[in-house]
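Step one of this worksheet: look at the structure below.
The values are calculated or read from the model by the stated rules, or taken from the named source; none is laboratory data. Predicted model, so just to flag it, every value in this text is computed and none were measured. Here the Cβ positions follow ideal geometry from the backbone for every residue, glycine too, while neighbour counts run over all protein chains shown. Only protein heavy atoms, including side chains, enter the accessible area calculation; ligands, DNA and RNA are left aside. Shrake-Rupley method; radii C 1.70, N 1.55, O 1.52, S 1.80 Å.
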Amino acid sequence: MGIIRQLLTGRRHPSSSHHSPPPSPPPPHALDTLPSLPHPRRPLTPTPPHPQHLTSPFFRLPPELRQIIYRLVLTHPSPHTEIHIDMRYTAASTSTPHSTAGATLASHRSWRWRASNCHRHPSSPALADRCGWGGPPPTACALFPDTPCAVGREVLGLLLCCRAAYREAVQVLYAENTFHVSTGAVVLYTDRLLPAERAGAVTSLVYRVTEDMAWHYAAEHLGLVPGLPAYAAMLVRVPGAFPGLRRLLVVVQGLLAVRGLLERGVRFGGREPPDRDATRVCMLSSMDAVARSFAVRGRPLDECVLALGAAAFDDVMEGEREKAEREEVREGEWVQFWHPVRAVVRAGGEEVQTGYWVRRVAPEETSGLTLDFEAVALALPP
Ligand SMILES: [Zn+2]
Ligand SMILES: [Zn+2]
């Protein structure tokens, strides 16, 4: 009996040992090991007295021409490229950016950077993006075989080979591309993970909030109360994390479909289904806070969208849509309603109108995802 218990629990029964080792301290919380940029940061190596780059034909080109070349390299395919950056707490390290092929498992989880170009066809909605998933299949690489799969070597190569090129080009990289983030750490702890001038340069962000992130891992990885409180906490951090944004697309993945599954009798890890009204209020109020935050600084976002899959949208947003005064349709792809937000600019008490679109992405645009999600739910033990 003692041996079986030991096998099951990894612990010895107290009576089976007279010399039990002292209890080990509790393992550190994931956040205790989250990396931090060094303070002060190591400066770029000073330029030597006879800088090598001045002899290069490239640096004899006029600066405007060099900027055009940087754009061609760093924002390819023009006018901008989509880049995934994420800090994940995981034991898996992958050599392929968008799948589990070649993945190895370490004995402990640790924080790992994952960065890659986006492997999604440009015409597909962000909700269909699978780059950050790794698995299960179909992977991004399999779904979009006609677009190139890249890890951004060309970007890093250019920036790392020459400090003069780095100085001139790094702003193009951050300011003129779209960044995808799909974990909470990069948004909640931006100041520990990215230099302020880089995060501040980002103008276009796709923030994907997954069910996993808000429900499964919020407490364990990020010290947040799981569920809607975690969702809200991550959302309202966006303006502080990326203060220079002009365009924000928040993509909610899974989250609400789970409730539909529960109603159909599928049990999902024993969790309580989120309440429909509470979910809607939480999503709208946190998005309101984001839109308002940019507006009160005098720079309302040029484009702000909250995108949901069709099932999730129909579940919680349909009533809101009926009340909306403005609606836009892109046939076969999405329909969206305008959610106005009023903001008071503190200096002078002047009121500004801002707001965002709440988008229903058509089911056929995300069918692969929906099916997979159900499969995952069904595979869970009752
Ligand atoms: Zn992608
Ligand atoms: Zn790929």
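Mind listing whichever residues of region 80-136 are within 13 Å of ligand 2 (Cβ to nearest atom) and polar (S, T, N, Q)? Across region 80-136, the qualifying residues are Thr94, Ser95, Thr96, Ser99, Thr100, Ser116, Asn117. Taken over region 79-133, the criterion of being polar (S, T, N, Q) and open to solvent by less than 20 Å² (accessible area, probe 1.4 Å) is satisfied by Thr81, Ser99, Ser116.
For every residue, the table says whether it meets (1) more than 16 Å from ligand 2 (Cβ to nearest atom); (2) buried (at least 20 other Cβ atoms within 10 Å of the Cβ); (3) not in a loop (DSSP other than H, G, I, E, B).
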residue: Pro138; (1), (2), (3): no, no, no
residue: Val170; (1), (2), (3): yes, no, yes
residue: His180; (1), (2), (3): no, yes, yes
residue: Val187; (1), (2), (3): yes, yes, yes
residue: Arg192; (1), (2), (3): yes, no, yes
residue: Trp215; (1), (2), (3): yes, yes, yes
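Return yes or no: is Val225 open to solvent by 10 Å² or more (accessible area, probe 1.4 Å) and away from ligand 2 (no atom under 16 Å from the Cβ)? Yes. Checked against (1) in contact (Cβ under 8 Å) with a residue 40 or more places away in the chain; (2) open to solvent by 30 Å² or more (accessible area, probe 1.4 Å); (3) of a type in the set (A, V, I, L, M, F, W, C), Ala219 passes all but condition (1). Only a single criterion out of (1) within 27 Å of the chain's Cα centre (by Cα); (2) modelled with pLDDT of 95 or more is not satisfied by Glu333, namely (2).
Entry remark, region 87-124: residues being within 11 Å of ligand 1 (Cβ to nearest atom) and either among the acidic types (Asp, Glu) or within 26 Å of Thr190 (Cα to Cα) (or both) number 7 in total.
Against the test of being surrounded by fewer than 10 Cβ atoms within 10 Å (Cβ to Cβ) and at pLDDT below 75, the options Ser20, Ser15 yield a single qualifying residue, Ser15.
Scanning region 330-357 for residues that are of a type in the set (A, V, I, L, M), surrounded by fewer than 19 Cβ atoms within 10 Å (Cβ to Cβ) and farther than 20 Å from Val252 by Cβ yields a count of 4.
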